[in-house]
Amino acid sequence: MKKPVALLCGVLFLAACATSSHVLVGKPRPPISAADVRVYMEPPRYYDRIAILDASSEGSFQFGDQAKTDAALERLRREAAKLGANGVLFQGAGEKPGMVIGTGGSSVSMGGNSSIGVGLGLSHQLMHKVVHGEAIYVPPNVP
């Protein structure tokens, strides 16, 4: 009985780990707080490129498109902060399929010389939000 619980905890831990990534395209800086990372929809006048970022809402246990997008954006900001970027230039969002949850049931009725069987199955594909951006450093006092 303890093995299924440990297995479930392990799967949930691994799902939560692989939710953001980066590819360096510039020089990283010392890490900063994610709260100090600003998300830009339009590029600022001057900035240095640090990395290309991807993040998803996978493993966040959020429901609804906005909550999933917010979770993915927060992960993007945390990834940028690790690289010392004080900004993220938002480049787009999308969805990726996650796991499928399914259930099924059946019933059989037997009497005399006949039997009747009925079955029903339902499944639902979970979708995760994915966001893309660029970790940037914006010098102080630049709009």
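The values are calculated or read from the model by the stated rules, or taken from the named source; none is laboratory data. Small disclaimer: the values here were computed from a predicted structure and weren't measured. A quick note on method: Cβ atoms are made from the backbone with ideal geometry, for glycine too, and the neighbour counts reach across all protein chains shown.
Listed values, structure above:
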item	result
Output for segment 17-45, where each listed residue is among the hydrophobic types (A, V, I, L, M, F, W, C) and either closer than 18 Å to Ala81 by Cβ or modelled with pLDDT of 95 or more (or both)	Cys17, Val23, Leu24, Val25, Ile32, Ala34, Ala35, Val37, Val39
Complete set of residues in segment 58-81 that are charged (D, E, K, R) and at pLDDT 95 or above	none
Filter pass, Ala55 being over 13 Å from the mean Cα position of the chain (by Cα) and either at pLDDT 90 or above or closer than 19 Å to Gly26 by Cβ (or both)	no
